[in-house]
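Participant: Quick one: the structure is below, questions incoming.
The values are calculated or read from the model by the stated rules, or taken from the named source; none is laboratory data. In this text, all values refer to a predicted model and were calculated from it rather than measured experimentally. Heads up, the Cβs are rebuilt from the backbone with ideal geometry, glycines too, and the neighbour counts pull from every protein chain shown.
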Amino acid sequence: MFKGRHFDRSVILLCVRWYLAYGLSLRNLEEMMAERGISVDHATIHRWTVHYAPLLLEQFNRRKRPVTGRWHVDETYIKVRGQWRYLYRAIDSNGDTVEFWFSERRNLTAAKRFLRKALKRHGRPERIVIDGSQTNREAILSCDTASRLQDRSRSPLKSIRIRQSAYLNNRIEQDHRRIKRRVRPMLSFQSMASARVILDGIELIHMMRKGQANYACRSQPSLAQQFDLLAA
């Protein structure tokens, strides 16, 4: 993963982790590294983040523990080049992150794509809680029907129960805030591609803090230790 890199593995992981986990700008990190005698350009730190965040997320997903069968689904807004884009997210009844998908549009196609991704990775939930969105309701019904038609088991599958309640969906609204809190100091992403990758990394940190991965060690590792384990 780090073969051929000019900088030491520990420096790269430190910069990527600090940028994704805390309210620091790239230039903040450039200054902080300079104070430690390490000359690294802020653009280099950005390239490291874009390159390593997806790799670390892939390793994390291999260790990710199963989620429950009761999901909360909603979308939130993120700015890219001054325009609002949409981050679809789902958490389970324990508050653990199920899945996420960053979309240029907020429509039935985007909602279905997000749900298909979640169903493929985690299987069918028993129930999904949404707010008053009819688009999300239609997407669930469509994906549920397609999932049951594609199922090859002999026993019939129960339909996914849908519950629409803005009050019950406060759980995921609170979870959105933790992602938005980290995004806010970044002011605005400059492209969908970089936004999607960096949001992957921010969601990765969020899942790490929730303790959603299984490791060989008994106690829950710190963020730094988890990064080392995933990059090993």
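Participant: Hey, any hits in region 214-229 for a residue that's in a loop (DSSP other than H, G, I, E, B), more than 23 Å from Y52 (Cα to Cα) and either at pLDDT 90 or above or among the charged types (D, E, K, R) (or both)?
Facilitator: Yes, the conditions are met somewhere in region 214-229.
Participant: Please specify each residue of region 91-119 satisfying the condition of being closer than 21 Å to R148 by Cα, of a type in the set (A, V, I, L, M) and in a strand (DSSP E or B).
Facilitator: Passing the criteria: only V98.
Participant: Across region 206-226, what is the total count of residues that are in contact (Cβ under 8 Å) with a residue 40 or more places away in the chain, exposed (fewer than 14 other Cβ atoms within 10 Å of the Cβ) and among the basic types (K, R)?
Facilitator: 0
Participant: Any idea which residue in region 49-76 is farthest from I205 (Cα to Cα), counting only those that are over 14 Å from the mean Cα position of the chain (by Cα) and of a type in the set (F, W, Y)?
Facilitator: Looking at the filtered set, the residue picked out is W71.
Participant: Please determine, by comparing only the residues of region 185-205 that are modelled with pLDDT under 90 and in a loop (DSSP other than H, G, I, E, B), which one is surrounded by the fewest Cβ atoms within 10 Å (Cβ to Cβ).
Facilitator: The residue in question is L187.
Participant: Would you please name the residue that is modelled with the lowest pLDDT, looking only at residues in region 120-171 that are closer than 17 Å to V67 by Cβ and either of a type in the set (S, T, N, Q) or in a loop (DSSP other than H, G, I, E, B) (or both)?
Facilitator: If we take residues in region 120-171 being closer than 17 Å to V67 by Cβ and either of a type in the set (S, T, N, Q) or in a loop (DSSP other than H, G, I, E, B) (or both), then S147 is modelled with the lowest pLDDT.
Participant: In region 20-73, what residues are part of a helix (DSSP H, G or I) and of a type in the set (V, I, T)?
Facilitator: Across region 20-73, the qualifying residues are T44, I45, T49, V50.
Participant: Would you point out which residue out of W71, W48 is in contact (Cβ under 8 Å) with a residue 40 or more places away in the chain and of a type in the set (F, W, Y)?
Facilitator: Answer to the selection: W71.
Participant: Now for a separate question. Of all residues being farther than 24 Å from Y167 by Cα and in contact with a strand residue (DSSP E or B) (Cβ under 9 Å, 6 or more places away or on another chain) in region 121-137, which is surrounded by the most Cβ atoms within 10 Å (Cβ to Cβ)? Just the residue, please.
Facilitator: H122
Participant: Is region 140-160 home to any residue that is out of contact with any Lys or Arg (no Cβ under 9 Å at 6 or more places or on another chain) and closer than 28 Å to R181 by Cα?
Facilitator: Scanning region 140-160, I find no residue that is out of contact with any Lys or Arg (no Cβ under 9 Å at 6 or more places or on another chain) and closer than 28 Å to R181 by Cα, so the answer is no.
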